[in-house]
Structures are given as C-alpha cells and as structure tokens.
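Here the structure is laid out as structure tokens; the discussion comes afterwards.
The values are calculated or read from the model by the stated rules, or taken from the named source; none is laboratory data. Treat the numbers as computed from the prediction; the structure is a model and nothing was measured. In this analysis, Cβ positions are derived from the backbone assuming ideal geometry, glycine residues included, and neighbour counts consider all displayed protein chains.
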Amino acid sequence: MRVAIYARVSTKDKGQDTENQLYQLREFAERHGAIYKIFTDQESGGKADRTEFKHLLLEAYQHKFDLVVFWRLDRFSCEGALATLRYLKELKDHGVNYKSFTEPYLDSLGPFGDVIVSMLATIAAQDLIKISENTKAALAKKKAAGVQLSAPTKSAETVAQVRRLKASGASNQAIARALKMSPSTVAKYLAKT
C-alpha cells in the first residue's frame with residue numbers, strides 16, 4: 001500500500017515544527033505500507049489554500065497513493081466540519097483511505113469509519129440548521145425594529161440625477177463618488193433609458 005503523510009503546523013515562527021508529528025507518522029505509515037510522499041504545510045489549517053494540502057488532494061484524485069495519514073484531524077483541516085467532511089468523502093470517493101494517528105476512530109479502513117463520518121456529518125448538518133435559525137432570528141429582530149431588509153431602491157429623482165450628471169459629461173466613476181453608489185449601479189441606471 002502506498003501511504004502519503006500529511007503534517008501541518010500553524011506558523012513558521014514560535015518554534016512549531018512538523019518534525020514533531022513526522023517522527024511518529026513515518027513509523028506509523030511504514031507499518032501500513034511504503035511511504036509514497038510526505039506533504040507538509042506551515043500555515044493555518046483554517047483555509048483550503050495551503051500549497052502542500054492542495055498537492056495532496058490533487059495526487060489523491062490522481063490515485064498516486066492508497067492511504068493518507070495525519071497526526072490529528074485538526075492538523076488535516078480546521079476549516080469547519082462540513083469542509084473537512086467533504087475532503088474525507090472526496091478522498092474515499094477517489095479510492096484513498098485515511099487514518100488519524102492520535103484518533104483511532106478516524107480510520108476509513110476500520111469497521112466504524114463510515115459510522116464516525118456519518119455521525120460527524122450529522123453534527124455538521126445540525127450546526128448548519130443552528131446557523132440558519134440564528135440568521136432568521138436576527139433578521140426577524142431587524143424587521144421588527146423597522147430595518148429595511150431588501151436592497152434599497154433608488155427614487156426616480158436619483159435616476160434622473162445620474163442621467164443629468166452623465167449628460168453634463170461626468171464619468172460613471174465621478175457620478176458614483178458624488179452620489180455614493182457603485183459605478184455598476186450608475187451604469188445600470190443609465191441603461192434604463
């Protein structure tokens with residue numbers, strides 16, 4: 001089995017070093033097969049735009065290895081439950097298994113791999129429901145306070161003012177600055193001729 005290793009620390013300074021993870025991950029990987037490649041990042045796991053992480057996913061999709069091992073799930077991704085679950089599902093969909101060194105229950109090869117991922121996905125779905133409920137409650141509060149929730153509409157006078165300024169030779173940028181609106185809004189009002 002070809003095994004990829006992924007290690008990550010959040011920062012290059014402050015004495016953090018991926019070698020702390022790699023020492024044990026190498027031994028762990030060798031027990032499961034031959035090490036294909038080691039991918040390391042020294043940046044926040046809260047974003048997908050990590051150089052080596054992107055290479056790991058690309059090579060997984062190209063099926064260059066069979067298993068990826070990582071120290072802990074938060075070393076793999078801190079983007080939130082949904083994004084992390086999506087990555088794990090995409091790995092599985094491309095025939096690549098995963099194992100967490102410090103979390104033995106996060107093992108797609110184990111008998112409960114799918115169960116754990118399903119439970120995590122359910123928790124993530126509940127988080128989305130909570131976010132939606134909180135958003136709806138906040139919008140209802142604003143509406144009750146008289147806050148206009150839809151996009152503001154411009155009066156016929158504003159449209160006429162845009163047209164007058166344009167007729168006087170002003171650029172869309174100048175009109176936008178003068179009337180405190182975007183140049184695209186100016187263009188939209190001018191198109192309504």
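Say we look at region 148-163 and pick out the residues that are at pLDDT 75 or above and surrounded by 11 or more Cβ atoms within 10 Å (Cβ to Cβ); which of these is nearest to Ser182 (Cα to Cα)?
Filtering first and then ranking leaves Val162.
So, Asp41, is that one among the acidic types (Asp, Glu), in the same structural domain as Glu79 (by TED's automatic domain parsing) and either under 11 Å from Ile5 (Cα atoms) or touching a strand residue (DSSP E or B) at 6+ places or on another chain (Cβ under 6 Å) (or both) or not?
On the way: among the acidic types (Asp, Glu): yes; in the same structural domain as Glu79 (by TED's automatic domain parsing): yes; either under 11 Å from Ile5 (Cα atoms) or touching a strand residue (DSSP E or B) at 6+ places or on another chain (Cβ under 6 Å) (or both): yes.
It is true that Asp41 is among the acidic types (Asp, Glu), in the same structural domain as Glu79 (by TED's automatic domain parsing) and either under 11 Å from Ile5 (Cα atoms) or touching a strand residue (DSSP E or B) at 6+ places or on another chain (Cβ under 6 Å) (or both).
Identify the residue in region 70-115 that is touching a strand residue (DSSP E or B) at 6+ places or on another chain (Cβ under 7 Å) and in a helix (DSSP H, G or I) and, among all such residues, is farthest from Ile5 (Cα to Cα).
Out of the qualifying residues, it is Gly113.
Taking region 1-49 as the region of interest, how many residues are over 27 Å from the mean Cα position of the chain (by Cα), in a strand (DSSP E or B) and touching a residue at least 60 places away in the same chain (Cβ under 8 Å)? So that I can check it myself, show each step before the final result.
The first filter runs over region 1-49 and keeps only residues over 27 Å from the mean Cα position of the chain (by Cα), leaving 1-2, 23-24, 26-35.
Add one more test, that the residue is in a strand (DSSP E or B), and what stays is 2, 34-35.
Filter again for touching a residue at least 60 places away in the same chain (Cβ under 8 Å), leaving 2.
Qualifying residue count for the region: 1.
If you take the residues in region 50-59 that are aliphatic (A, V, I, L, M) and buried (at least 18 other Cβ atoms within 10 Å of the Cβ), which one is farthest from the chain's Cα centre (by Cα)?
Going residue by residue through region 50-59, those that are aliphatic (A, V, I, L, M) are 56-58.
Add one more test, that the residue is buried (at least 18 other Cβ atoms within 10 Å of the Cβ), and what stays is 56-57.
Numbers: Leu56: 16, Leu57: 14 Å.
Top of the filtered list is Leu56.
Consider Gln62 carefully, then state whether it is farther than 20 Å from Leu109 by Cβ and surrounded by 15 or more Cβ atoms within 10 Å (Cβ to Cβ).
Taking the combined requirement at face value, the residue does not satisfy it.
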